[in-house]
Amino acid sequence: MPILCRLKLIIVHSHYRPGGVRRIIELATPHLVAALRPAASEVIMVGGEMPGAAWTAHFAAQLKGVRVSWLTDRILGYTSELPAALRAPTQVPRLARRIHRQLERVLREASAGDAVVWAHNQGLGRNLLVTRALQQLCLARGVPLLLHHHDWWFDNRWARWPEMRQAGFRTLGEVAHTLLPAAPNIRHLAINQPDAVILQRHFGRQAAWLPNLSERAARAPRQRVSAARRWLARELGGDVPVWLVPCRLLRRKNLAEALLLTRWLRPEAWLVTTGGASSADEHAYAGALAAAARRNHWPLRLAMLDGREGSAPAVSELIESSEAILLTSLQEGFGLPNLEATAAGRPLIARRLPNIAPDLARFGFRFPHAYDEVRVDPGLFDWRAEVQRQQRRWRAWRARLPAGCRPPVGAPTLLAEGNTAAGVPFSRLTLVAQLEVLAGDPSRSWAACAPLNPFLQRWRILAAAGALKVAPWPERASRWLSGPAYAARWIEALHAGTGRELRRQGNRNPGLPALQEFIRAKLARENQFPLLWTSEP
């Protein structure tokens, strides 16, 4: 796929709300433009909505004179957020035509030598009509299409399945053909090795591992960090220790666990999160957590930056001004906050996630305060009611799965374990039970649970002394995570493969067996969390 003339880089994302994907686009695009010079002439941003003016101006300024244009239309965003009349099954053909026309506007004059489409997170399945139109238009013009997979719809996001069926994609085969297409001009990029291995097994050199970039950049000026501390003090009503979770308000972030750890390890601290809920699916969870905090007078401030972009400190400045950073997620595609905390020289307390921990170790990172589970005494919540609640929700969740996916699904951890002498993982509880644990006296819950978590006893002593450890930034990380290294791997993926592997497969669609392998892995018992079965709090 040679670049023969001036080049348009077309970036597609459903939305440009604060979060990990937008952050990667923001960090990576200047390096891609620099690596593609002098060909790179224009960056075209495509999506369902515009970001804030401050971010838009900052993004354009980083590209040093390359023209930036925007095409935004709500029909290019999440289908579920469109008005019901617009996404009704009878209206899907009309909606598909509108989407095709909009995308054709940016691809009308594109060809193999003068355009590249870099499409993010289509694997979430939030708008298959956009994904299908992209591959049709790119295939017709020979334009390279890089499908960059950050997250997946089948990874504890099964609410997407009925949405996709309503949009006319009735079978797993149809979904696989759209989200995991095979064509000589298409590349699949994964941000962690487990996902990349599966993709490469089915797509050969048409798939690549592209770890996110995160450089150990210069620290924020001291006066800006001081200003961020003063801002936090004004917002929280005093100069108090702040433990920060730099994330959106999502169920998978498991924020009740972050609050539990804060109350146990540093009772004087406030727990602060940055972003708000980014989709309607998360509003019930966010509301229940916020209501419990008000009711119990917890030192918790949720979504502190939501709607305040440009009028508040940057996330990086808040990270530097906080006493500790937490990442208690149930699942992550990469774990960018791990690296941002390390780059800022702040202590990090984080769950050790099996799909990203090996990658981080390969980059050279060693996190002194990483853990697998926080275990709690089942006497701290209504055990009988929780088991019944989980049984009901698990059965309802399982019934919503595609019929062919149900047999391999085993009972989740809490329902399968009979012996609770070692406690139960807090992460395997519903939000109702998690809030019951939190509602009690923290000194009582700590006394009951400290013997179940010996590592936390050591961390509590360190936290009280202000001596939590900071992970060192490894020398070899730059070879993997620097901007130039990222751009080099991106361009290598762009030019890799000739489609020979696909021709050898004949008419077989590798997307379906790839999807089936992914689903088998994601439905394993260890990957099941009650918080993610339903949006019900």
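Annotations for the structure displayed:
- Every residue from the stretch 206-229 that is in contact (Cβ under 8 Å) with a residue 60 or more places away in the chain and among the basic types (Lys, Arg): 216, 219, 224, 229
- Residues in the stretch 153-176 that are on the phi > 0 side of the Ramachandran plot and either under 19 Å from the mean Cα position of the chain (by Cα) or free of Cβ contacts under 8 Å to residues at least 12 places away in the same chain (or both): 156 only.
- Segments classed as strands (runs of 3 or more DSSP E), wholly inside the stretch 139-248, with at least 3 members that are touching a Gly at 6+ places or on another chain (Cβ under 6 Å): none
- Looking across the stretch 249-303, the residues that are surrounded by fewer than 23 Cβ atoms within 10 Å (Cβ to Cβ), in a helix (DSSP H, G or I) and not aliphatic (A, V, I, L, M) come down to 252, 263, 264, 281, 282, 283, 287, 294, 295, 296.
- In summary, residue 451 fulfils each of the numbered conditions (1) part of a helix (DSSP H, G or I); (2) within 19 Å of residue 330 (Cα to Cα) with the single exception of condition (2).
- Those residues of the stretch 13-52 which are closer than 24 Å to residue 75 by Cα, assigned to a helix (DSSP H, G or I) and at pLDDT 90 or above, in sequence order: 21, 22, 23, 24, 25, 26
- Scanning the stretch 339-392 for residues that are under 14 Å from residue 455 (Cβ atoms) and among the aliphatic types (A, V, I, L, M) gives 349, 350, 370, 374.
- Within the set 334, 367, the sole residue that is in a loop (DSSP other than H, G, I, E, B), aromatic (Phe, Trp, Tyr), in contact with a helix residue (DSSP H, G or I) (Cβ under 8 Å, 6 or more places away or on another chain) and modelled with pLDDT of 95 or more turns out to be 367.
- For the stretch 92-103, the count of residues that are out of contact with any Lys or Arg (no Cβ under 9 Å at 6 or more places or on another chain), surrounded by fewer than 16 Cβ atoms within 10 Å (Cβ to Cβ), at pLDDT 95 or above and under 22 Å from residue 42 (Cα atoms) is at least one.
Each row is one residue, and each column tells you yes or no for (1) within 30 Å of residue 403 (Cβ to Cβ); (2) of a type in the set (Val, Ile, Thr); (3) in contact with a helix residue (DSSP H, G or I) (Cβ under 6 Å, 6 or more places away or on another chain).
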| site | (1), (2), (3) |
| --- | --- |
| 71 | no, no, yes |
| 91 | yes, no, no |
| 100 | no, no, yes |
| 128 | yes, no, yes |
| 135 | yes, no, no |
| 143 | no, yes, no |
| 146 | no, no, no |
| 149 | yes, no, yes |
| 154 | yes, no, yes |
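- All positions within the stretch 486-508 that are at pLDDT 80 or above and surrounded by fewer than 20 Cβ atoms within 10 Å (Cβ to Cβ): 488, 489, 491, 492, 494, 495, 496
- A single entry from 232, 179 fulfils the requirement of being in the same structural domain as residue 321 (by TED's automatic domain parsing) and either touching a residue at least 12 places away in the same chain (Cβ under 8 Å) or within 24 Å of residue 532 (Cβ to Cβ) (or both): 232.
The values are calculated or read from the model by the stated rules, or taken from the named source; none is laboratory data. Note that the coordinates shown come from a computational prediction; the quantities given were computed from them, not determined experimentally. Note: ideal-geometry Cβ built from the backbone for every residue, glycine included; neighbour counts use all protein chains shown.
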